[in-house]
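S.K.: Below is the structure I would like to discuss, written out as structure tokens.
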Amino acid sequence: MDRHSSDRDPFANHWREALEDAEVVPSERVWNMIAKSLDVFKYRHRAQMYGFVAAIAIMIAISVSIQSKWLGSGTYDGNVYLSQSSDQNPSNDQMLATDTSPSIGPRAASNEFVFLDLNQFHLNSEDQKAQKKHYALTTDKKVLSPDKKEYTLLDKPMVVKRTIASVLSFYPRSFLKEKSIKKKPHSWAGLKIGGSSFNPNYEMINADDMLAGGGLNSGFMDDKEGTVTSLDENMLVGTNRKIEVNLGMTIKERFVLEGGLQYIQTELVQQSNFVVENISYPMSMTAPSQSVVAENTNKSVKNMQETTYMSTETELENRIDFASVPLRAGYIFLDQRLSLRVNAGLVTNFYLGNIHRSLDEKNPIVEFRSNDNSLYRDISFSGQTGVSLGYRLLQNIDITFEPNYTQSFQSITRSYMGFSSVPNGFGVMAGVRYNFN
Amino acid sequence: MFDSDKVLIKGCKKHKPRAQEALYAKYSKPMYAIALRYVKAIQEAEDILQESFIKVFQNIEKFRGDSSLPYWIKRIVVNTALNHQRSKIFLYPMVDVVNLDDRVVNEDVFSEFSYQELVKMIMTLPDGCRIIFNMYAIEGYKHHEIAEKLKISEGTSKSQYSRAKKLLIKMLESKNHIKYG
């Protein structure tokens with residue numbers, strides 16, 4: 001484009017020069033339509049972001065759990081095992097297996113041998129006899145490690161082969177300092193905030209029921225004079241904002257139960273396209289009574305009335321508020337300073353109300369509450385599965401990050417409304433967890 | 001690129017509504033004039049403009065500044081217009097009529113018309129030759145490039161341009177009551 005030369009037809013060049021700086025002002029309608037589309041795009045973009053973050057987090061969680069499992073079952077055939085010998089007391093130099101719980105994870109995996117932080121180990125060690133026995137078998141060689149700390153060289157015979165050669169290269173040492181899964185049950189309270197995508201999976205079932213029910217944007221339709229004769233509607237992808245408080249406890253060594261209370265705010269865009277039929281009579285004539293119209297339907301009355309059809313396209317922002325009660329069961333894969341748990345559960349959603357807004361102005365057009373016989377069910381159920389990643393920040397406090405997927409089991413709208421919406425979506429929650437014991 | 005364009009691009013990349021509106025305000029008028037040249041009806045030009053600016057905002061992150069911002073937007077508008085018109089090009093068979101009109105029109109003639117009038121003349125051309133006239137005369141494509149882009153023969157492109165030229169000269173003559181050539 002824009003390559004003009006002298007060998008081109010001069011007629012073409014004249015036109016180009018004449019129209020080069022042409023400007024015509026478009027109607028305002030164009031920008032209004034663009035602005036609406038950008039609003040829809042904004043929601044789609046957010047929804048995609050939630051899905052993307054959740055997918056990445058799930059991949060990280062899966063890779064961490066697979067790696068920890070692999071580390072727990074692998075063997076190492078090397079001859080040299082290092083233990084940090086910063087402790088001056090020779091009786092503390094050696095490491096022994098004391099935790100025989102069938103744990104998974106880098107540190108817990110070696111249920112017969114631990115070779116990491118001796119100080120930490122010694123604090124955890126309960127079997128003094130075993131310590132002495134193993135001390136007698138070891139030699140007292142020292143080597144210099146790449147981190148410039150002194151390590152004691154251990155004899156191979158004293159060490160059971162189920163060791164982890166490269167734990168330190170895989171995980172930061174700080175992940176491994178905490179004692180692994182405790183046998184005694186523990187409980188926690190948590191606070192999480194986050195969001196998710198909201199894919200409404202909108203489907204029209206019965207157009208007549210939908211017309212009778214007033215459709216999605218009934219508040220908007222009420223303002224129209226005349227009869228709505230056709231309706232074409234759609235719910236577009238939106239987003240959820242969530243805040244949750246929860247309580248949880250271990251019910252068996254690795255199994256947990258968690259329940260909570262959530263407030264969910266769903267925002268999405270609804271499109272309605274409806275045709276309004278309006279019957280009017282010329283000014284000079286008085287409108288005939290209904291009985292007259294009935295009698296003369298096939299005669300002259302038809303000619304007396306003027307029927308106009310008006311097609312209206314509406315896009316509205318719909319904000320739906322839910323209070324939800326999630327109940328989840330989980331299985332702990334890793335319980336170190338870094339913890340990993342897989343959850344699945346049932347969420348009961350209580351509809352609180354919804355607000356329709358114009359995309360241009362944020363003032364509510366119409367508000368519905370749960371007792372207004374709204375088009376949404378008062379109670380609906382959905383399933384949720386996810387992965388909870390935790391990191392021990394302070395003695396009793398974890399920070400958590402939870403990618404999840406939610407699928408509704410039923411339509412969130414009432415069955416007689418003529419359409420259904422069975423939403424699903426990927427989400428991410430982040431928060432803090434206080435461990436009571 | 002002007003600094004103000006850089007600021008607008010930065011804002012649009014962050015999906016800031018004010019930046020988007022400012023960018024639209026700055027470039028919608030010349031782009032609408034381009035869209036009008038490709039269509040017969042104003043409604044269609046508005047659709048092209050709307051679609052083009054949505055594409056601009058959705059793809060602004062891909063804009064690396066290799067060309068100027070107005071040139072990049074113009075390319076989007078032209079491509080959108082061509083996509084809109086593509087179906088029409090094939091509805092009407094383009095017959096190769098190699099009958100190139102070599103009449104010479106004086107440059108001064110154009111100064112007697114406003115660009116709105118000139119745009120209206122282009123809008124009245126038949127679909128096929130209107131598109132080719134726009135691409136060749138105003139956008140600066142060569143006939144073999146047009147042929148490749150529209151999947152037609154080079155001869156068709158030339159003959160359609162010739163037809164457009166003939167019709168436009170007739171329009172210029174009739175509106176100005178002057179005989180050219």
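Please treat every number below as a calculation from the coordinates, not as lab data. Predicted model only: the values in this text are computed from it and were never measured. Cβ sites come from the backbone with ideal geometry, for glycine too, and all protein chains shown count toward neighbours.
S.K.: Using 22 Å as the Cα-Cα cut-off, could you pick out the over-long pairs in A:LYS362/B:LYS29; B:LYS55/B:LYS142; B:LYS142/B:LYS166?
M.R.: Values: A:LYS362/B:LYS29 29 Å; B:LYS55/B:LYS142 26 Å; B:LYS142/B:LYS166 19 Å.
Table pairs above 22 Å Cα-Cα are A:LYS362/B:LYS29; B:LYS55/B:LYS142.
S.K.: Something else about it: Can you tell me what the convex hull of the Cα atoms of the stretch B:3-90 projects to on average, as an area in nm²? Mind dumping the intermediate values first?
M.R.: Numbers: hull surface 22.9 nm².
Computing the convex hull of the Cα atoms and averaging its projections yields 5.7 nm².
S.K.: Here is a further query. Is there a quick way to get the dipole size of the stretch B:3-90? I mean about its Cα centre, with the Cβ of Lys and Arg at +1 and of Asp and Glu at -1; what is the value in debye to the nearest 20?
M.R.: Details: 17 positive and 9 negative charges, 40 e Å.
Approximately 200 debye in magnitude.
S.K.: Moving to a separate point now. Taking the convex hull of the alpha carbon atoms in the stretch A:312-362, what volume per residue do you get, in Å³? Mind dumping the intermediate values first?
M.R.: Values: hull volume 8.4 nm³, N = 51.
Looking at the stretch A:312-362, the number lands at 165 Å³ per residue.
S.K.: Rank the residues B:MET121, A:MET310, B:MET31 as a footprinting-exposure proxy: fewest other Cβ atoms within 10 Å of their Cβ go first. Write down the numbers at each step before the final one.
M.R.: Numbers: B:MET121 18, A:MET310 12, B:MET31 27.
If I rank by nearby Cβ atoms, fewest first, I get A:MET310, B:MET121, B:MET31.
S.K.: Please average, across the residues of B:32-40, the number of beta carbons from any other chain that are within 10 Å of each residue's own beta carbon, and give a whole number.
M.R.: Numbers: counts 7, 8, 3, 3, 3, 4, 0, 0, 0.
Mean number of neighbouring Cβ atoms from other chains: 3.
S.K.: Work out the charge dipole of the stretch B:3-90 with +1 on the Cβ of Lys and Arg and -1 on the Cβ of Asp and Glu about the Cα centre, then indicate which of B:ILE73, B:LEU36, B:SER52 is farthest towards its positive end.
M.R.: With unit charges placed on the Cβ atoms, the residue in question is B:ILE73.
S.K.: Could you work out the local net charge near A:ALA344, counting Lys and Arg as +1, Asp and Glu as -1, over the other residues with Cβ closer than 15 Å to its Cβ?
M.R.: Numbers: positive: A:ARG254, A:ARG328, A:ARG341; negative: A:GLU258, A:GLU402.
For residues surrounding A:ALA344, the net value is +1.
S.K.: Also, quick follow-up: Mind checking the mean number of beta-carbon atoms from other chains within 10 Å of the Cβ atoms in B:133-142?
M.R.: On the way: counts 2, 2, 1, 5, 10, 12, 5, 9, 3, 3.
The mean count of partner-chain Cβ atoms within 10 Å per residue comes to 5.
S.K.: Bin width 5 Å, origin at 0, all Cα-Cα pairs of the stretch B:108-176: what percent of pairs per bin?
M.R.: 3, 18, 28, 23, 15, 8, 5, 0
S.K.: To continue, here is another question. Which order do peptides A:414-425, B:44-55 fall in by mean Cβ count within 10 Å, highest first? It would help to have the intermediate numbers written out before the result.
M.R.: Values: A:414-425: 19.5, B:44-55: 22.0.
Peptide ranking by packing, descending: B:44-55, A:414-425.
S.K.: To continue, here is another question. To the nearest whole number, what is the average tally of beta carbon atoms from other chains within 10 Å of the beta carbons of peptide A:26-39? Write out the running numbers ahead of the final one.
M.R.: Details: counts 14, 5, 0, 3, 11, 8, 1, 7, 12, 4, 1, 6, 8, 1.
For peptide A:26-39, the averaged partner shielding equals 6.
S.K.: Can you pull the one-decimal nm distance between simple spin-label points at B:GLN116 and A:MET59, each 7 Å off the Cα toward Cβ?
M.R.: Modelled inter-label distance: 5.6 nm.
S.K.: Moving on to the next point. In square nanometres and to one decimal, what's the mean projected area of the convex hull around the Cα atoms of the stretch A:357-437?
M.R.: Details: hull surface 35.7 nm².
Averaging across all directions leaves 8.9 nm² for the Cα convex hull.
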